[in-house]
Amino acid sequence: MRKQIVIDPITRANNCGHVEITVAKGRVADCRVGALFFRGFELLLRGRDPRDAPYLAQRICGICAAAHATAAAYALENLAGVVPPQNGHLIRNLILAAETLQNHIRHFYLLALPDYVRGPAKPPFTPRYRYDYRLPPEVEARLMAHYSEAVGIARIAHEIVAALGGKAPHQHGILAGGTSFPPDGALILDLKAKLDRLGRFIAAKMLPDAEMLAAAYKDYFERGQRPLRLLTFGMYPVNPERTRFHFPGGLIEDDNGAQAVDVNAVAEHLRHAYFEAAAAPEAPGRATTRPQPDKPGAYSWIKAPRYAGKAFEGGPLARLWVTGRYRRGISVLDRLLARVQETEMLCQLMAQWIEALEPGRPVFTPYEIPRAGEGLGLTDAMRGPLLHYLRVEGGRLSRYEIITPSAWNFSPRDDKGEPGPVEEALIGTPVADPAEPVEIGRIIRSFDPCYACATHLIRKDEG
């Protein structure tokens with residue numbers, strides 16, 4: 001007997017998602033994961049001064065705004081041939097890392113933890129599924145205390161963003177050519193104090209809490225599995241020229257070791273997305289976005305990016321796998337543990353970057369925007385690989401294209417009918433009770449879904 005399950009919206013995620021599941025013989029036989037939320041940032045940026053891009057592109061998302069500012073700044077630097085000074089380079093790393101910390105802390109405690117731990121019998125902890133909570137009440141109470149503490153701890157990470165970038169979210173510090181705010185001794189001391197509080201919470205509570213969940217839910221090392229295909233564009237450059245990265249770019253396929261990324265192998269498939277499809281999948285620099293809301297066979301406003309025709313997953317697990325720091329497996333708990341471990345690593349890196357700041361030294365390199373040309377900005381965001389492509393004609397942006405991490409992870413089927421990474425992770429999952437499909441939410445949220453980042457469209461009705 002086949003049973004249909006529809007979860008709409010997917011809750012405890014950034015903005016709204018939708019999943020349709022077919023269960024047969026107690027397992028997920030088929031699924032469709034889609035996004036019903038759409039906006040128009042690529043079109044909004046067309047015709048504007050290129051220097052607006054790092055500022056405006058942040059509005060795609062309030063959680064990973066600094067990542068979009070970073071990718072846009074890289075694209076402009078690629079266009080203009082500018083390199084930031086050392087201080088500007090370090091401050092940009094610090095802003096992006098601090099925003100990543102607040103994301104990872106909030107994801108683990110506020111979004112993922114309630115899948116495994118019962119909170120108080122009141123909203124936002126109710127309504128909830130009624131079974132498969134395995135921790136004793138005293139442990140649940142301790143984790144809920146950490147849940148409440150995490151709200152303030154994540155705020156400290158955003159205070160670092162605001163101290164270096166003027167505000168949070170949607171900071172003003174990250175620019176092509178460097179940053180806008182020079183550090184002084186008082187700021188450096190304040191950053192150290194804030195980072196110390198973050199580090200103590202992560203070491204004393206977040207890491208042990210993640211290990212406790214892993215011990216209680218060991219079967220989730222076998223849930224949410226998919227083929228070993230991981231992708232990262234690289235994150236946190238070691239030097240201002242961005243020739244080396246603390247988390248280097250690379251792709252993993254079938255455990256053959258990390259390979260170099262060729263951006264020319266990236267193309268977007270549109271057969272099952274609400275966009276007019278070209279004759280063949282196109283690279284960002286050639287694609288044209290034309291919405292088709294009533295398209296037959298489509299079920300998502302997310303395009304389907306593919307690397308060499310295959311679906312790749314991004315995020316902390318991919319970054320740690322490429323660097324050799326995590327190699328256990330590809331599953332729900334592997335994603336959660338890698339994200340928590342990356343949080344600790346970032347605290348250690350941030351401490352080094354703060355020590356390397358030099359008060360009184362430049363933070364910005366002046367530059368001129370060419371009247372025409374192209375620029376490409378590649379980085380990772382919290383959830384995986386992020387690409388910004390721009391074209392300038394007559395000194396203005398004539399094209400702007402973005403491929404977000406959530407487009408990689410939450411893509412629909414491609415032109416060959418092959419599922420995206422989240423769909424792959426869901427297919428084959430045992431579902432104990434179709435009326436209470438707790439397994440589905442745990443798998444989806446292990447990818448840290450952000451549908452705000454996934455889709456970008458504006459529709460103008462003909463009249």
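The values are calculated or read from the model by the stated rules, or taken from the named source; none is laboratory data. Note that this is a predicted model, so its numbers are computed, not measured. Here Cβ is always computed from backbone atoms with ideal geometry, including for glycine, and neighbour counts include all displayed protein chains. Protein only, heavy atoms only, side chains kept; ligands, DNA and RNA dropped before computing areas. Shrake-Rupley method; radii C 1.70, N 1.55, O 1.52, S 1.80 Å.
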(request) Quick one: order SER300, SER148 from most to least accessible surface, probe 1.4 Å. (result) SER148, SER300
(request) Could you calculate the contour length gain from THR11 to ARG48, that is, 0.36 nm times the residue separation minus the distance between their Cα atoms, to one decimal place in nm? (result) 9.8 nm
(request) Enter the accessible area per residue of the stretch 17-122 (Å², integer; probe 1.4 Å; all protein chains in place). (result) 28
(message) On a straight-distance basis, which lysines could pair with LYS416 in a cross-link, Cα separation under 27 angstrom, same-chain partners fewer than 8 positions away excluded?
(response) LYS3, LYS25, LYS295, LYS303, LYS310
(request) Evaluate the distance, in nm, between pseudo-label points positioned 7 Å from the Cα of GLU138 and of ALA432 along their respective Cα→Cβ axes. (result) 2.4
(request) Can you tell me the alpha carbon radius of gyration of the stretch 1-160 divided by the globular rule-of-thumb value 2.2 N^0.38 Å? (result) 1.38
(message) Give me the percent relative contact order of the chain, please, defined on Cα pairs under 8 angstrom at least 6 residues apart.
(response) 26
(request) Loop only per DSSP, at most 14 neighbouring Cβ atoms within 10 Å: give me the chymotrypsin sites (Phe, Trp or Tyr not before Pro) in the stretch 55-142, ordered by residue number. (result) PHE125, TYR131
(request) Leaving ligands, DNA and RNA out of it, work out the accessible area of GLU344 with a 1.4 Å probe and give it in Å² to the nearest 10. (result) 60
(message) 7 Å from Cα along Cα→Cβ at both GLN292 and ASP190: what's the point-to-point distance in nm?
(response) 5.3
(request) Measure of size requested: the Rg and Dmax of the stretch 342-463, with Cα atoms as the atom set and Å as the unit; please supply both. (result) 21.2, 63
(request) Filter the trypsin sites (Lys or Arg not before Pro) in the stretch 1-81 to those in DSSP coil with at most 12 other Cβ atoms within 10 Å of their Cβ, and list the result. (result) LYS25
(request) Could you work out the local net charge near GLY329, counting Lys and Arg as +1, Asp and Glu as -1, over the other residues with Cβ closer than 15 Å to its Cβ? (result) +2
(request) Give me the net charge of GLY249's neighbourhood, meaning all other residues with Cβ under 13 Å from the Cβ of GLY249; Lys, Arg count +1, Asp, Glu -1. (result) +1
(message) If you only keep lysine pairs separated by 8 or more in sequence, or across chains, how many in the stretch 165-283 come under 25 Å at the Cα atoms?
(response) 5
(request) Can you tell me how much longer the chain between VAL151 and LEU110 gets when fully stretched, taken as 0.36 nm per residue apart minus their C-alpha distance, in nm with one decimal? (result) 14.0 nm
(request) Can you send over the carbon and sulfur percentage of the accessible area for the chain, probe radius 1.4 Å, protein chains only? (result) 51
(request) Tell me the trypsin sites (Lys or Arg not before Pro) within the stretch 290-381 that lie in a loop according to DSSP and have at most 16 other beta-carbon atoms within 10 Å. (result) ARG325, ARG327, ARG328, ARG371
